Each structure stands twice: as structure tokens, then as C-alpha cells.
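The values are calculated or read from the model by the stated rules, or taken from the named source; none is laboratory data. Note that the structure is predicted; figures quoted are calculated from it, not measured. A quick note on method: Cβ atoms are made from the backbone with ideal geometry, for glycine too, and the neighbour counts reach across all protein chains shown. When the accessible area is computed, the model is the full protein with side chains, heavy atoms only, and any ligands, DNA or RNA have been set aside. Shrake-Rupley method; radii C 1.70, N 1.55, O 1.52, S 1.80 Å.
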Amino acid sequence: MLKVGLTGGIGAGKSEVSRLLVERGAVLIDADRIAREVVAPGTPGLAAVVEAFGERVLAADGSLDRPGLGAIVFADPEKLAVLNSIVHPLVGARSRELESAAADDAVVVHDVPLLAENGLAPLYDVVVVVDAGPETQLDRLVRLRGMTEEDARARMAAQATREKRLEIADVVIDNDVPLDALRRRVAEVWADLVRREHAFCAGSAEAARE
């Protein structure tokens, strides 16, 4: 099994890259999706978030008001740290469960938005960073996600710098390009990951025989 950490700044297009990798056979473990699951109605995670931030973070149907909570925490690093201390351990535990269920020869891609921020690079055999310029990120957040420019800039500022993400990268995917070019680059990266997985498995088998 090859464990790949996939990350990138908000609006860099990481979700599109993960989708393209899945098309080619990757097993995807999506930290954002898991983060939503662990604070679903009725979960201990949601109860802990409400205890920390109050019922103002609940929508009318009792679910988490994610935009409302985001507006609170992304403007206050201390509150963001509190939220992360609740959610991240739950996400980590569920991610490990899903990874253990994957085949021994799988390329398992962990889509982790805050990989750089939380110092998680050593957990993976390969770190892939999806990179885009700040203006591209801002345009996508405002134009495609409907954020205000102020909210978009606040969320970008709450993440690691572009330079910090690139420092931990084993592989960089430039997403300041048209979709066809991105597809070609992802195909190249996938071929490289498969080669690495085969080499990793061969090395593990050789070590087991010694």
C-alpha cells in the first residue's frame, strides 16, 4: 500500500485532482467528507462543537451551520484551534479505519486540506501538493463558490502559505492551467504513484524474506 497525502490551498482545485485520481484507480479518503460525517446530527462530535460554541452554530433543522461556524472561526485563530482540537482526532480515527480496509496493493490518497498546517507530512509515503496562485484561488472562491472577497481572503489567510505547502511537496501539480493540461499532469502523477507503490511492495517483500 502506498499512502499519499494530497493537499492544496482552498480554491486550488484539489477536489478535481482527487476526482481524476479516483478515475484512475486511487482509493480516496476525503478528510473534508469525514469531517462532515463526524459532526452530523446525533454525533458526539456535533455535541462537542455545540458545547464549545453554543447553539448559534446550529441550523434550524439541528444540523451544523457550517457557513455560520466558518465565519466565526476563520476570523479568530484561537476559536479555529478549538474547533480543530474537536474535529481532527475524530477525522484521524475514521481515516485510519478506512485505510485499514483498503487492499494491500492500493494507492490510498488522503485528501487533507490542512496537511501542512498540522505537520502531517511524515504520515505519508508521498505528499502531492495542488498549487495555484492566490489570484486564481480568490477568483474561484468568489466566482464559483459565491463567497464574498472578504470571506475568501480570510479563509485563505487562515491556511498555510503557498511557500510552506510547496516545502513539504514530493510532487507538485500546477492547477493554473486548462482542464486538459491538468488531466495530462494527473495521468503522469498517477503513473509515478503506481511505480512507487510497486517498488514499495517489492521492497517490503524483499525485507520480509531477509
Those residues of the stretch 16-38 which are farther than 20 Å from Val194 by Cα and open to solvent by 60 Å² or more (accessible area, probe 1.4 Å) amount to Asp32, Arg33, Arg36, Glu37
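So for the stretch 124-136 (the condition being aliphatic (A, V, I, L, M), in a loop (DSSP other than H, G, I, E, B) and either open to solvent by 60 Å² or more (accessible area, probe 1.4 Å) or closer than 24 Å to Leu28 by Cβ (or both)), does at least one residue qualify? If you could, list the steps in order and put the result at the bottom.
Restricting attention to the stretch 124-136, the residues satisfying the condition of being aliphatic (A, V, I, L, M) are 126-130, 132.
In the following step, the residues that additionally are in a loop (DSSP other than H, G, I, E, B) were identified as 132.
Checking the rest, the ones that are also either open to solvent by 60 Å² or more (accessible area, probe 1.4 Å) or closer than 24 Å to Leu28 by Cβ (or both) come to 132.
Looking through the stretch 124-136, at least one residue is aliphatic (A, V, I, L, M), in a loop (DSSP other than H, G, I, E, B) and either open to solvent by 60 Å² or more (accessible area, probe 1.4 Å) or closer than 24 Å to Leu28 by Cβ (or both).
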Which condition from (1) under 23 Å from Ala26 (Cα atoms); (2) surrounded by 13 or more Cβ atoms within 10 Å (Cβ to Cβ) is the one that Leu179 breaks?
(2)
Criterion: outside any strand (DSSP E or B) and at positive phi - qualifying residue of Gly42, Gly92, Gly70:
Gly42
Looking at Pro41 and the list (1) out of contact with any strand residue (DSSP E or B) (no Cβ under 9 Å at 6 or more places or on another chain); (2) open to solvent by 50 Å² or more (accessible area, probe 1.4 Å); (3) farther than 29 Å from Val128 by Cβ; (4) not small (Gly, Ala, Ser), which single condition is not satisfied?
(1)
Restricting the stretch 76-98 to residues that are open to solvent by 40 Å² or more (accessible area, probe 1.4 Å), touching a residue at least 12 places away in the same chain (Cβ under 8 Å) and among the aliphatic types (A, V, I, L, M), which is nearest to Arg153 (Cα to Cα)?
Val82
